[in-house]
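The values are calculated or read from the model by the stated rules, or taken from the named source; none is laboratory data. Note that the structure is predicted; figures quoted are calculated from it, not measured. Cβ sites come from the backbone with ideal geometry, for glycine too, and all protein chains shown count toward neighbours. The protein model used for the area step is the full one, side chains on, heavy atoms only, and it has no ligands, DNA or RNA in it. Shrake-Rupley method; radii C 1.70, N 1.55, O 1.52, S 1.80 Å.
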Amino acid sequence: MPLSTQSQQEDQQYVLVATLDNVRNLSNILKAITFKDHAIFNATQNGLKVTVEDSKCLQANAFIQADIFQEFVIKEDSVGFQVNLTVLLDCLTIFGGSTVPGVTTALRMCYSGYGFPLTLFLEEGGVVTVCKINTQEPEEPIDFDFCSTNVTNKVILQSDSLREAFSELDMTSEILQITMSPSEPFFRLSTFGNSGNAHYDYPKDSDMMELFQCTKTQTNRYKMSLLKPSTKALALSCKVSVRTDSRGFLSLQYLVRNDDGQICFVEYYCSPDEEVNDE
């Protein structure tokens, strides 16, 4: 691959070098969190974490493990920068994001450190395009303080069943109400839209339910406008973990398989819209 033949001398100027034989393994996962222009990139030895936020109420994180990349070299404990995600995706799909079997776009992504642009070398069919995207100093992501010790309820579902639910619920509703309970209705999604109230229930022994761990009855409401971006991740995923903590904060963790069958994760955190008394 031509991109892998760059000299070691050139590589020495970079604090981060990541290469992919198939750029879709990065672009597809980034599309799942694209709802604001800017994204915070944080690279460590473990891989790449990309964060997008909206008004301190919603945070999306995409995790691309180091072993997803054909090459992943980082010369510092962590490397962080902020970049325009819309521009980055335009560059990553500059060859049209071909889905033709056997035709892939290769990527070599390089970053020299603070103040330098993010440099992308993209190659398809012997044609190489170089893109340089301005970077900014990364803002500190919001700490939603969502830790497993405070999780009160958790279910793992096959994504198909959640996609079906979203297709049947009334999306004109301003809020989505989630009820999780050790007793019936176990796991219920409710909307209150133009066509009236709608409920979608999952029995805890449903074939679609891979895990059911609920310790107390919780009913929380979330703004539909905040949850809609997460449907991009839902469309790509095969499983989804739904968790709520003692404050009613929501975590949606999506398991996504890339074109090569490797697993990546996308996680959305959402703050509750308003308190609803437990029934």
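Which one is surrounded by the fewest Cβ atoms within 10 Å (Cβ to Cβ), of the residues in the stretch 44-64 that are touching a residue at least 40 places away in the same chain (Cβ under 8 Å) and either more than 13 Å from the chain's Cα centre (by Cα) or farther than 22 Å from R24 by Cβ (or both)?
K56
Scan the stretch 199-213 and give yes if some residue there is outside the structural domain of Q59 (by TED's automatic domain parsing), part of a loop (DSSP other than H, G, I, E, B), of a type outside the set (F, W, Y) and closer than 20 Å to D54 by Cβ, otherwise no.
no
So in the stretch 197-213, with the set limited to residues that are surrounded by fewer than 19 Cβ atoms within 10 Å (Cβ to Cβ) and closer than 24 Å to D273 by Cα, which one is modelled with the highest pLDDT?
Residues of the stretch 197-213 that are surrounded by fewer than 19 Cβ atoms within 10 Å (Cβ to Cβ), as a first pass: 197-201, 203-211, 213.
From the residues that got through so far, the ones that are closer than 24 Å to D273 by Cα too are 197-201, 213.
Working: N197: 91, A198: 88, H199: 91, Y200: 92, D201: 92, Q213: 95.
Filtering the stretch 197-213 for residues that are surrounded by fewer than 19 Cβ atoms within 10 Å (Cβ to Cβ) and closer than 24 Å to D273 by Cα, the one modelled with the highest pLDDT comes out as Q213.
Just checking, does the stretch 214-235 include any residue being touching a helix residue (DSSP H, G or I) at 6+ places or on another chain (Cβ under 9 Å), modelled with pLDDT under 95, open to solvent by 70 Å² or more (accessible area, probe 1.4 Å) and not in a helix (DSSP H, G or I)?
Among the residues of the stretch 214-235, not one is touching a helix residue (DSSP H, G or I) at 6+ places or on another chain (Cβ under 9 Å), modelled with pLDDT under 95, open to solvent by 70 Å² or more (accessible area, probe 1.4 Å) and not in a helix (DSSP H, G or I), which makes the answer no.
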